[in-house]
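Notes for the one structure printed next.
The values are calculated or read from the model by the stated rules, or taken from the named source; none is laboratory data. All of these numbers come straight from a predicted model, not from anything done at the bench. No Cβ is skipped: glycine too gets one built from the backbone with ideal geometry, and neighbour counts run over all protein chains shown.
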Amino acid sequence: MQIERVLDQIDKDLPNALSRLLDLLKIESISTDPAYIKECIKAANWLANDLRSIGFKADTRETNGHPMVLAHSEGPGKRILFYGHYDVQPVDPLNLWDSPPFSPIIENTSKGRVIRGRGASDDKGQLMTFVEACRAWKTVHGSLPVKLSIFFEGEEESGSPSLIPFMKANAEELKSDITLICDTGLYDPKTPGIVTSLRGTASIELEITGPSRDLHSGKYGGISVNPVNILTRILAGIHDESGKITLPDFYKGVPETTKKRKDQWKKLNFNHIDFLREVGLSKPAGETSQTPLEMIWARPTCEINGITGGYQGDGFKTIIPSKASAKISFRLVGEQNPEKILASFKNYVERCLPIDCTVRYLAEKGSKATQMSLDHPAFEKARIALSKEWQNPAAFIGSGGSIPIAGYFKEILAMDSLLIGFGNYDDQIHSPNEKYDLESFHKGIRSWARILNELSN
């Protein structure tokens, strides 16, 4: 069979594929830090050169930020677009890494062999599963079974400021029948998942100011307003006793989970106890009226991501601080509007502010939730391909995370996205000691090869 020769080539070439991935992981492509601009350019050039080596017409494209990589290969049928990102998160705190983050290694663990290093799972290891699948097809057959374009960006981890302008300016070149995105995970280590819904986001930073300077708590305690007290009181009021968010009209546009979807998710036998135990927890803390999977995939949230105020050093400094600040983010579902959510939050804050306190807002941004239609035949073809490779039925799943690019493809280019990834919950993305299971890398390559084969039929 045509596909069997490709799969054999993948198996044979795995050591070389690993070597190529390790070379890419050594590049310190941290997009959020200007000190790493040259490294981001280096990563873009590395990918463009690698794609050219397997017959793609590939180049880097300048933006106001880090370069994009665009590559094209001719073939039969409608054009398909693959998206990934080559930039990575910062590595802080460095002291918590067991090995240098940009000196990647293959490590034996109690759960099997893993690729350890920053970007191993998010997203260099994932995007290279697709590149290696293309390489195997080219090696065996001299061509790909479909017409394909590849699109890599280098600013995903810093909010993709150049992405929308680039997509609009290059819409004709990017327009395809469907987009493939590899920036998600398996449902569980043995069950592949196709993500059909993604939560949106809305985030904001607020700073509350009270007295004009830090005050001696003995002289001013009891008579002066304390911004930390005010901030924590405001934040505590966002949720009620049942876990619901109290902002007016917050749930406008939030759909109820259908019985059909609930029944599908029930069959997944999600074990929330094991899920929470992995991170030292034991009990769901979301809306008490919702099942654990609904809490993650189908319901909106509000989280305090950071809070600062007063003295943070060793020992005590008995002051009433002048300022207190917090970073807040919302995960959105359905038709929730990020701008309206943030406006509602700001109105709530200002209603709660006492005399002598002022507030200023920083870093507001948001994106809507994305819901994929399963009408496109690629979804069922991908499900069949994944089920064959993993020998476990692939599941249509939701995601608690947000991948704004999927929404941009839909809004700007009118394209659905097929979101398939091979990460695991314990990959520690955005954290020290990030890893990618060797099995995820190997079977991820084989999975994409099978998907390309199915899409050609």
Q: Being polar (S, T, N, Q) and within 23 Å of GLY142 (Cα to Cα) is the filter here, so list the residues in segment 1-57 that pass it.
A: GLN2, GLN9, ASN16, SER19, ASN49, SER53
Q: Return the residue satisfying two criteria in turn: it lies in segment 312-353 and is among the hydroxyl-bearing types (Ser, Thr, Tyr) and assigned to a helix (DSSP H, G or I), and of such residues it is surrounded by the most Cβ atoms within 10 Å (Cβ to Cβ).
A: SER344
Q) Can you pull out the residues in segment 71-97 that are within 28 Å of LEU180 (Cβ to Cβ) and over 22 Å from the mean Cα position of the chain (by Cα)? A) ALA71, HIS72, SER73, GLU74, GLY75, PRO76, GLY77, LYS78, ARG79
Q) Restricting segment 269-293 to residues that are part of a helix (DSSP H, G or I) and in contact (Cβ under 8 Å) with a residue 60 or more places away in the chain, which is farthest from ASN424 (Cα to Cα)? A) LEU293
Q: Output the residue which, of all residues in segment 115-169 that are in a loop (DSSP other than H, G, I, E, B), buried (at least 18 other Cβ atoms within 10 Å of the Cβ) and small (Gly, Ala, Ser), is modelled with the lowest pLDDT.
A: SER160
Q | Answer from ILE420, ILE445 - the residue that is hydrophobic (A, V, I, L, M, F, W, C) and either more than 13 Å from LEU186 (Cβ to Cβ) or surrounded by fewer than 23 Cβ atoms within 10 Å (Cβ to Cβ) (or both) | A | ILE445
Q: Of the numbered conditions (1) modelled with pLDDT under 90; (2) buried (at least 19 other Cβ atoms within 10 Å of the Cβ), GLY407 fails exactly one; give the number of that condition.
A: (2)
Q: Within segment 165-172, identify whether any single residue is acidic (Asp, Glu) and assigned by TED's automatic domain parsing to the domain that holds ASP87, and answer yes or no.
A: yes
Q) Got a sec? Which of ALA35, ALA48 is more than 23 Å from LEU419 (Cβ to Cβ) and free of Cβ contacts under 8 Å to residues at least 12 places away in the same chain? A) ALA35
Q | Inter-residue pairs, beta-carbon under 9 Å, first under 12 Å from PRO101 (Cα atoms) and in the same structural domain as CYS40 (by TED's automatic domain parsing) and in segment 15-29, second outside any loop (DSSP other than H, G, I, E, B) and among the basic types (Lys, Arg), 6+ apart | A | LEU25/LYS124; ILE27/LYS42; ILE27/LYS124; GLU28/LYS42; SER29/LYS42; SER29/LYS124
Q: Could you run through segment 223-261 and say how many residues are modelled with pLDDT of 95 or more, β-branched (Val, Ile, Thr), part of a loop (DSSP other than H, G, I, E, B) and within 29 Å of the chain's Cα centre (by Cα)?
A: 3
Q: Tell me, please, whether a residue that is of a type outside the set (Ser, Thr, Tyr), over 26 Å from LEU21 (Cβ atoms), at pLDDT 95 or above and touching a strand residue (DSSP E or B) at 6+ places or on another chain (Cβ under 9 Å) can be found in segment 421-443.
A: no
Q | Residues being touching a Gly at 6+ places or on another chain (Cβ under 6 Å) and closer than 16 Å to GLY401 by Cβ - total across segment 247-297 | A | 4
Q. Out of THR246, THR201, which single residue is buried (at least 16 other Cβ atoms within 10 Å of the Cβ) and among the β-branched types (Val, Ile, Thr)?
A. THR201
Q.
Take the residues in segment 170-222 that are part of a loop (DSSP other than H, G, I, E, B), touching a residue at least 60 places away in the same chain (Cβ under 8 Å) and small (Gly, Ala, Ser); name whichever of them is farthest from ALA369 (Cα to Cα).
A. GLY221
**Q.** Residue in segment 30-43 that is modelled with pLDDT of 95 or more, assigned to a strand (DSSP E or B), under 23 Å from the mean Cα position of the chain (by Cα) and surrounded by 13 or more Cβ atoms within 10 Å (Cβ to Cβ) present
**A.** yes
(Q) For segment 287-311: of the residues being β-branched (Val, Ile, Thr) and within 18 Å of the chain's Cα centre (by Cα), which is surrounded by the most Cβ atoms within 10 Å (Cβ to Cβ)? (A) ILE296
Q. Does ASP87 satisfy being in contact with a Leu (Cβ under 9 Å, 6 or more places away or on another chain), more than 20 Å from SER417 (Cα to Cα) and acidic (Asp, Glu)?
A. no
